[in-house]
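The values are calculated or read from the model by the stated rules, or taken from the named source; none is laboratory data. Since this is a predicted model, take the numbers as computed values, not measurements. With ideal geometry, Cβ positions are generated from the backbone for all residues, glycine too; neighbour counts draw on all protein chains shown. What goes into the accessible areas is simple: the full protein's heavy atoms, side chains included, and nothing from ligands, DNA or RNA. Shrake-Rupley method; radii C 1.70, N 1.55, O 1.52, S 1.80 Å.
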Amino acid sequence: QVRLVESGGGLVQAGGSLRLSCAASGSIFRAVAMGWYRQAPGKQRELVAQITNGGSTNYADSVKGRFTISRDNAKNTVYLQMNSLKPEDTALYYCRTFWSSTDYWGQGTQVTVSS
(Lines give C-alpha, C1' and ligand atoms only; values in the text may rest on other atoms or scores of the structure.)
Protein backbone atom coordinates (compact mmCIF):
# COMPACT_ATOMS: atom_id res chain seq x y z
CA GLN A 1 0.00 0.00 0.00
CA VAL A 2 1.26 3.46 -0.92
CA ARG A 3 -0.14 6.71 0.42
CA LEU A 4 0.64 10.02 -1.29
CA VAL A 5 0.07 13.38 0.40
CA GLU A 6 0.52 16.63 -1.53
CA SER A 7 1.11 20.05 -0.02
CA GLY A 8 2.32 23.49 -1.00
CA GLY A 9 -0.52 24.77 -3.15
CA GLY A 10 -2.01 28.21 -2.76
CA LEU A 11 -2.90 31.51 -4.37
CA VAL A 12 -0.14 33.37 -6.20
CA GLN A 13 0.04 36.24 -8.64
CA ALA A 14 1.09 35.68 -12.23
CA GLY A 15 4.87 35.55 -12.47
CA GLY A 16 5.20 34.14 -8.97
CA SER A 17 6.49 30.80 -7.74
CA LEU A 18 5.30 27.87 -5.66
CA ARG A 19 6.87 24.59 -4.63
CA LEU A 20 4.67 21.55 -4.31
CA SER A 21 5.64 18.54 -2.25
CA CYS A 22 4.36 14.98 -2.33
CA ALA A 23 5.26 12.76 0.59
CA ALA A 24 4.98 9.03 0.01
CA SER A 25 4.53 6.32 2.60
CA GLY A 26 5.92 2.84 2.17
CA SER A 27 9.31 1.42 1.35
CA ILE A 28 9.02 1.36 -2.43
CA PHE A 29 9.65 5.05 -3.10
CA ARG A 30 13.22 4.61 -4.33
CA ALA A 31 12.08 2.01 -6.85
CA VAL A 32 9.27 3.89 -8.54
CA ALA A 33 8.77 6.70 -10.98
CA MET A 34 6.71 9.63 -9.73
CA GLY A 35 4.56 12.04 -11.64
CA TRP A 36 2.75 15.34 -11.17
CA TYR A 37 -0.57 15.80 -12.93
CA ARG A 38 -3.09 18.61 -12.94
CA GLN A 39 -6.75 19.06 -13.69
CA ALA A 40 -8.39 22.39 -14.37
CA PRO A 41 -12.18 22.83 -14.15
CA GLY A 42 -13.89 21.38 -17.21
CA LYS A 43 -10.67 19.87 -18.53
CA GLN A 44 -9.10 16.44 -18.51
CA ARG A 45 -6.34 15.55 -16.12
CA GLU A 46 -2.96 16.02 -17.79
CA LEU A 47 0.62 15.06 -17.12
CA VAL A 48 2.80 17.95 -15.96
CA ALA A 49 6.12 16.25 -15.18
CA GLN A 50 7.61 12.85 -14.42
CA ILE A 51 10.78 11.63 -12.77
CA THR A 52 12.07 8.07 -12.94
CA ASN A 53 13.67 6.19 -10.07
CA GLY A 54 16.99 7.01 -11.75
CA GLY A 55 16.25 10.72 -11.87
CA SER A 56 15.40 11.14 -15.56
CA THR A 57 12.73 13.74 -16.15
CA ASN A 58 10.23 14.78 -18.76
CA TYR A 59 7.80 17.68 -18.92
CA ALA A 60 4.70 18.82 -20.69
CA ASP A 61 5.55 21.36 -23.37
CA SER A 62 3.44 23.96 -21.59
CA VAL A 63 5.69 23.93 -18.50
CA LYS A 64 9.15 23.31 -19.95
CA GLY A 65 11.62 25.88 -18.74
CA ARG A 66 9.32 27.01 -15.92
CA PHE A 67 8.73 23.90 -13.78
CA THR A 68 11.28 21.52 -12.28
CA ILE A 69 10.54 18.11 -10.81
CA SER A 70 12.94 16.58 -8.31
CA ARG A 71 13.00 13.87 -5.68
CA ASP A 72 14.60 13.24 -2.31
CA ASN A 73 14.72 9.50 -1.71
CA ALA A 74 15.89 9.98 1.87
CA LYS A 75 12.66 11.87 2.60
CA ASN A 76 10.37 9.81 0.35
CA THR A 77 9.32 13.08 -1.25
CA VAL A 78 8.94 14.41 -4.77
CA TYR A 79 8.83 18.14 -5.48
CA LEU A 80 7.54 20.38 -8.21
CA GLN A 81 9.15 23.81 -8.33
CA MET A 82 6.91 26.11 -10.35
CA ASN A 83 8.27 29.45 -11.53
CA SER A 84 6.86 32.14 -13.80
CA LEU A 85 3.36 30.95 -13.06
CA LYS A 86 0.56 31.85 -15.43
CA PRO A 87 -3.21 32.00 -14.90
CA GLU A 88 -3.53 28.94 -17.15
CA ASP A 89 -1.52 26.95 -14.59
CA THR A 90 -4.50 27.18 -12.24
CA ALA A 91 -5.59 23.63 -11.43
CA LEU A 92 -5.74 20.91 -8.83
CA TYR A 93 -2.32 19.27 -8.80
CA TYR A 94 -1.92 15.59 -8.01
CA CYS A 95 1.03 13.29 -7.60
CA ARG A 96 0.87 9.75 -8.83
CA THR A 97 2.85 6.55 -8.88
CA PHE A 98 2.29 3.08 -10.27
CA TRP A 99 3.42 -0.03 -8.42
CA SER A 100 2.53 -3.70 -8.60
CA SER A 101 -0.28 -3.15 -11.12
CA THR A 102 -1.87 -0.44 -8.98
CA ASP A 103 -2.25 3.28 -9.62
CA TYR A 104 -1.80 5.48 -6.57
CA TRP A 105 -2.95 9.11 -6.44
CA GLY A 106 -2.81 11.76 -3.78
CA GLN A 107 -5.79 13.90 -2.81
CA GLY A 108 -4.49 16.93 -4.71
CA THR A 109 -3.42 20.44 -3.81
CA GLN A 110 -5.01 23.53 -5.36
CA VAL A 111 -2.90 26.06 -7.25
CA THR A 112 -4.57 29.31 -8.23
CA VAL A 113 -2.73 31.93 -10.25
CA SER A 114 -4.30 35.38 -10.44
CA SER A 115 -3.69 37.74 -13.35
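About its Cα centre, what dipole magnitude does the chain give when the only charges are +1 on Lys and Arg Cβ and -1 on Asp and Glu Cβ, stated in debye to the nearest 20? Write out the running numbers ahead of the final one.
On the way: 12 positive and 7 negative charges, 27 e Å.
With only Lys, Arg, Asp and Glu charged at Cβ, the dipole is about 120 debye.
So, with a 1.4 angstrom probe, what is the percent of accessible area on the chain that is carbon and sulfur? Each step should come with its number before you reach the end.
On the way: 2770 of 6030 Å².
About 46 percent, which is the carbon plus sulfur part of the accessible surface.
Return the long-range amide H neighbours of residue 62 (sequence gap of 5 or more, or a different chain), with a cut-off of under 5 Å between placed amide H atoms.
Residues meeting the criterion, in which the H sits 1.01 Å from N, do not exist here.
Please report, in debye to the nearest 20, how large the charge dipole of the range 49-98 is about its Cα centre when each Lys and Arg carries +1 at its beta carbon and each Asp and Glu carries -1 there. Don't skip to the answer; put the middle values down first.
On the way: 6 positive and 4 negative charges, 22 e Å.
Using only the charged Cβ atoms, the result is roughly 100 debye.
Amide H neighbours of residue 10 under 5 Å, at least 5 residues apart or on other chains, H built in the peptide plane: list them.
Long-range HN contacts for residue 10: 111, 112.
Quick one: Karplus J couplings for the range 56-64, per residue in order, coefficients 6.51, -1.76, 1.60, θ = phi - 60°, nearest Hz, x for Gly and Pro?
Once rounded to whole Hz, the list reads 6, 10, 8, 9, 5, 4, 5, 10, 4.
Hey, got a sec? Which trypsin sites (Lys or Arg not before Pro) in the range 1-59 land in a DSSP loop and have at most 11 other Cβ atoms within 10 Å?
Values: sites: 3, 19, 30, 38, 43, 45; in loops: 3, 43, 45.
When the trypsin sites (Lys or Arg not before Pro) of the range 1-59 are filtered for loop state and at most 11 Cβ neighbours within 10 Å, 3, 43 remain.
Taking a probe of 1.4 Å, how large is the accessible area per residue of the chain, in Å²?
Details: 6030 Å² over 115 residues.
For the chain, the solvent-accessible area averages 52 Å² per residue.
List, in order, the whole-Hz ³J(HN,Hα) value for each residue of the range 71-87 obtained from phi through the Karplus relation with A = 6.51, B = -1.76, C = 1.60 and θ = phi - 60°; use x for Gly and Pro.
Rounded to whole hertz, the list is 9, 10, 5, 5, 9, 6, 9, 10, 10, 9, 8, 10, 10, 6, 5, 10, x.
Residue farthest toward the positive end of the dipole of the chain, with Cβ of Lys/Arg at +1 and Asp/Glu at -1: which of 58, 1, 84?
About the Cα centre, the residue reaching furthest to the positive side is 1.
³J(HN,Hα) across the range 37-46 via Karplus (A = 6.51, B = -1.76, C = 1.60, θ = phi - 60°), whole Hz, x for Gly/Pro?
Rounded to whole hertz, the list is 10, 9, 9, 8, x, x, 10, 6, 5, 10.
Amide H neighbours of residue 67 under 5 Å, counting only residues 5+ apart in sequence or on other chains, H built in-plane at 1.01 Å?
83
Please state the charge dipole magnitude for the range 24-79, taken about the Cα centre, from unit charges on C-beta atoms (+1 on K and R, -1 on D and E), reported in debye and rounded to the nearest 20. Let's see the in-between values first.
On the way: 8 positive and 3 negative charges, 17 e Å.
Rounded to the nearest 20 debye, it is 80 debye.
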